[in-house]
1. Between LYS189 and LYS176, what length comes free when the chain is fully extended (0.36 nm per residue of separation minus the Cα-Cα distance, one decimal in nm)?
2. Lys/Arg Cβ at +1, Asp/Glu Cβ at -1, dipole of the chain taken about the Cα centre: which of ALA118, PHE161, CYS193 is farthest positive-ward?
3. Which entries of LYS33/LYS79; LYS45/LYS79; LYS33/LYS159; LYS45/LYS168; LYS79/LYS210 have Cα-Cα distances beyond 21 Å here?
4. Give me the distance between the Cα centres of the stretch 80-132 and the stretch 171-210, rounded to whole Å.
5. Give a quick list of chymotrypsin sites (Phe, Trp or Tyr not before Pro) in the stretch 1-75 that DSSP marks as loop, anything other than H, G, I, E or B, with at most 14 other Cβ atoms within 10 Å.
6. Report the Cys residues of the chain lacking a disulfide-compatible partner, meaning no second Cys Cβ under 4.7 Å from their Cβ.
7. Hey, fewest Cβ within 10 Å first, where do VAL52, VAL102, VAL20, VAL145 land in order?
8. Using the Cα centre of the chain as the reference point, and only Cβ charges (+1 on K/R, -1 on D/E), how large is the resulting charge dipole? Debye, rounded to the nearest 20.
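Readers should treat all values here as calculations from the given coordinates under stated rules, not as data from a laboratory. Note that the coordinates shown come from a computational prediction; the quantities given were computed from them, not determined experimentally. Virtual Cβ from ideal backbone geometry, glycine too; neighbours counted across all protein chains shown.
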Amino acid sequence: MTYFLLSITNTCNKSCEYCVVKPWLNNPEYPDKATADDFISFLAKEMQSGDVVELTGGEPTMFPGFIELLEWLKEHGAKVMLRTNGALLDEWRASYSNMVVVLARHDSDEIYMEERKACLLPQDLVIDRVEARLMQTKQDKPVFVSDETSPLKTHPFTKMFHITNDGKVRFMSCCKDDMGTIWDYRPRKYHCCHDCPFALGAWNLAARIK
Ligand code: SF4
């Protein structure tokens with residue numbers, strides 16, 4: 001099984017103090033280059049039904065072609081995770097039971113959160129605040145804490161890809177292995193750590209999808 005972490009846009013409507021992608025966020029030096037069609041072309045070569053695809057950013061709901069990408073993933077049997085601050089979260093969420101939404105409050109107020117929560121399905125999660133012990137301070141040192149929402153301590157992934165919105169394909173940041181871009185991708189020997197916190201977090205979320 002393969003896990004895809006897709007950072008589909010550098011655009012965001014917020015500027016959180018603890019944001020780990022801040023240097024790239026809304027920065028004209030790092031414009032989005034990959035379109036929904038680019039992501040889909042790559043996934044069509046690499047993804048199998050049942051694989052896990054995590055959509056993040058920036059704020060992924062602000063990516064042009066976001067719904068097109070969701071539709072393709074649903075049609076092709078992907079389990080999807082969406083990490084969002086709720087910016088454009090709306091009634092469309094109900095169309096994707098193959099997806100778990102992780103809605104983060106950040107600095108949003110209660111009225112905003114209640115409106116967004118009304119769009120969620122039972123499998124979804126709300127993060128009202130980021131606890132200090134879970135705060136990710138380094139890009140290549142993600143934190144994974146096992147609790148009642150993430151009880152699984154192993155994952156089934158043998159392949160993992162991190163694809164950014166400049167189209168770059170690489171293994172996870174812990175490996176520092178550059179595979180080029182989704183336009184000139186050349187497969188290499190695959191690698192996936194059994195205790196990878198990215199993968200454990202993803203698999204615990206995917207397991208919420210019935
Ligand atoms: S909402 Fe997310 S991507 Fe946007 S600034 Fe905050 S942490 Fe970063």
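1. 3.3 nm is the gain from fully extending LYS189 to LYS176.
2. It is CYS193.
3. In this structure, LYS33/LYS79; LYS33/LYS159 exceed 21 Å between Cα atoms.
4. Cα centroid to Cα centroid, the span is 24 Å.
5. Sites meeting the loop and neighbour criteria: TYR18.
6. CYS12, CYS119, CYS174, CYS175, CYS192
7. Arranged by neighbour count, lowest to highest, VAL52, VAL102, VAL20, VAL145 become VAL145, VAL20, VAL102, VAL52.
8. Here the chain has a charge dipole of around 820 debye.
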